[in-house]
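A short worksheet on the structure shown next.
The values are calculated or read from the model by the stated rules, or taken from the named source; none is laboratory data. This one's a predicted model, so the numbers in the text were calculated from it and none came from an experiment. Heads up, the Cβs are rebuilt from the backbone with ideal geometry, glycines too, and the neighbour counts pull from every protein chain shown. Each accessible area value is taken on the protein alone, full model and side chains, heavy atoms only, with ligands, DNA and RNA left out. Shrake-Rupley method; radii C 1.70, N 1.55, O 1.52, S 1.80 Å.
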Amino acid sequence: MERKQVRKYSILAIYIVIWLVFRCFPSVTEHIYSKGIYPYIAKVLHFLLGWIPFSVGDILYTLLIIGIVVTVIKHYKKLWTEPLKTLDKIFSKTVRLIFVFFFLWGFNYFRVPLKNSLSTSQQYTETQLLKATQVCIDRANALHTRLAPNDSTKVDFWLSQKEIYRIATKGYPLTVEGISDFKAIKSVKPSIYSTVLTYMGYSGYLNPFTNEAQVNGKMIGYSTPITACHEIAHQMGYAAEEEANYLGYLAAKKTKNPYFDYSAELFALRYFLNEVAVVAPIEYQTLHSQVHKGIFENYKEVHLFWKQYENKAEPVFKASYDAFLKANKQKEGINSYDLVVGLLIPHYRS
């Protein structure tokens, strides 16, 4: 084997060893990467790209796809004439790209769970769930009364996308004990591919290569503010979806903006009611009847928006993301979003 080949495989082996260490030892990942290396990576990327009004990450993805297509067309014959050499190149470049993904952001999947850092438990009793749901209903109804002309009318969100992104950044840093946060230029932008995201069923994502929080610019209604806050939580290094949900909720509340407050309460109420419907269907009917009709109009508005974009490919994208999350130590996969209920309940003690 040539010296160049030995050097290449040695570097790839180092990448794999680093990945295994961070994957298998959450405490090491937490202190060395998530609280050590990662904040500097995020700050540099935010400084370089955060001020640019459009999504640099989406452009990079476009160039990457074009590059892959051109390369395949250009070197297609080599796959048959020099299969081992071609596959070796594909393997090497794939490993490097995956390592870049993990180094720039992905290692945060392997950090210590937030519930451990907060010294709390995501376990709760049925009684605690019912009490929390009642408090949440009272808060949501009060905010709805403040923002809507009557009980049966939905709250209209007149805030522009740009204004929503600006307000969302005010929710950070959270300055909550047990939550590692850092001051940096937040980079929240609408995705260039918002229409594609809508057909895929996604409300937003974090670009791990540019650290830009991408929000689906086509979304309407109450879900946009909480989504923006959720994506910023990913920027802060929290990869687990239930943790980003929780921190997004805290951030939306911290903004002190009534529309963000309403968005956070409807977000929490939806999760609470869904859980109650499963564990206590009789009590669910009683609680459901107490919610203002206008709140359900807000839910209906968002539901109808997504309904018009439903397609046969969407379940495939959801299944792919579910597999991705499970491969990165989120055992519940796409259902991990629902685990936020246990984190939220302590905030709803009457």
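Could you compute the longest span of the chain free of GluC sites (Glu not before Pro) located in DSSP loops and having at most 13 other Cβ atoms within 10 Å, not counting the site residues? Don't skip to the answer; put the middle values down first.
Details: sites that count: Glu2, Glu177, Glu310.
Segment 3-176 is the longest.
Determine, at each q value in 0.15, 0.24, 0.29 (inverse angstroms), the log₁₀ of I(q)/I(0) that the Debye formula gives when each Cα of segment 304-350 is one equal point scatterer.
Scattering profile of segment 304-350, log10 relative to I(0): -0.59, -0.86, -0.96.
Solvent-accessible area per residue for the chain at a 1.4 Å probe radius, Å²?
Numbers: 18340 Å² over 350 residues.
That works out to 52 Å² per residue.
If you keep only loop residues by DSSP, which chymotrypsin sites (Phe, Trp or Tyr not before Pro) in segment 245-313 have at most 14 other Cβ atoms within 10 Å of their Cβ? Don't skip to the end; give the middle numbers.
Values: sites: Tyr246, Tyr249, Tyr259, Phe260, Tyr262, Phe267, Tyr271, Phe272, Tyr284, Phe296, Tyr299, Phe305, Trp306, Tyr309; in loops: Tyr309.
The qualifying sites are Tyr309.
Long-range amide H contacts for Gly217: which residues qualify at under 5 Å (H placed 1.01 Å from N, peptide plane, sequence gap of 5 or more or a different chain)?
Ser191, Ser194
Quick test of the membrane-span-like rule: which DSSP H helices of the chain reach at least 30 Å along their long axis (C-alpha atoms) with mean Kyte hydropathy at least 0.5?
On the way: long enough: 3-24 (31 Å, 0.74); 83-104 (31 Å, 1.05); 126-147 (31 Å, -0.18); 258-279 (31 Å, 0.59).
Helices passing the filter in the chain: 3-24, 83-104, 258-279.
Over segment 1-110, how many pairs of lysines fall under 27 Å by alpha carbon, counting only those 8 or more apart in sequence or from different chains?
Taking the Cα cut-off of 27 Å, the pair count is 23.
Express the Stokes-Einstein translational diffusion coefficient of segment 1-110 in µm² s⁻¹, to the nearest whole number, given a Kirkwood radius over alpha-carbon pairs, 20 °C and a viscosity of 1.002 mPa s.
Working: Rh = 16.6 Å.
So the translational diffusion coefficient is about 129 µm²/s.
Tell me, what does the Kirkwood hydrodynamic radius of segment 132-244 come to in angstroms if you use every pair of distinct C-alpha atoms? Before the final figure, lay out the partial values.
Working: mean 1/r = 0.0644 Å⁻¹.
Roughly 15.5 Å, rounded to one decimal.
Viscosity 0.692 mPa s, temperature 37 °C: what is the translational diffusion coefficient of segment 64-108 from Stokes-Einstein with a Kirkwood Rh over Cα pairs, rounded to a whole number of µm²/s?
On the way: Rh = 11.8 Å.
Rounded, D is 279 µm²/s.
Scan the chain and report its longest stretch carrying no trypsin sites (Lys or Arg not before Pro) that are both in a DSSP loop and have at most 11 other Cβ atoms within 10 Å. Can you show the working numbers first?
Working: sites that count: Lys77, Lys183, Lys256, Lys312, Lys331, Arg349.
Between the exposed loop sites, the longest stretch runs 78-182.
Reported to two decimal places, what Rg/Rh ratio describes the chain when computed on Cα atoms with Rh from the Kirkwood expression? Present the calculation step by step, with values, prior to reporting the outcome.
Details: Rg = 22.2 Å, Rh = 22.0 Å.
Computed over Cα atoms, the ratio is 1.01.
With a 1.4 Å probe and every protein chain kept in, tell me what percent of the accessible surface of the chain is carbon plus sulfur. Let's see the in-between values first.
Numbers: 11640 of 18340 Å².
Carbon and sulfur: 63 percent of the exposed surface of the chain.
With charges only on Cβ, +1 for K and R and -1 for D and E, what is the dipole size of the chain about its Cα centre, in debye, rounded to 20?
On the way: 40 positive and 28 negative charges, 307 e Å.
The calculation lands at about 1480 debye.
Under 17 Å Cα-Cα from Lys307, which lysines qualify once same-chain neighbours fewer than 8 residues away are excluded?
Those lysines meeting the cut-off are Lys218, Lys318.
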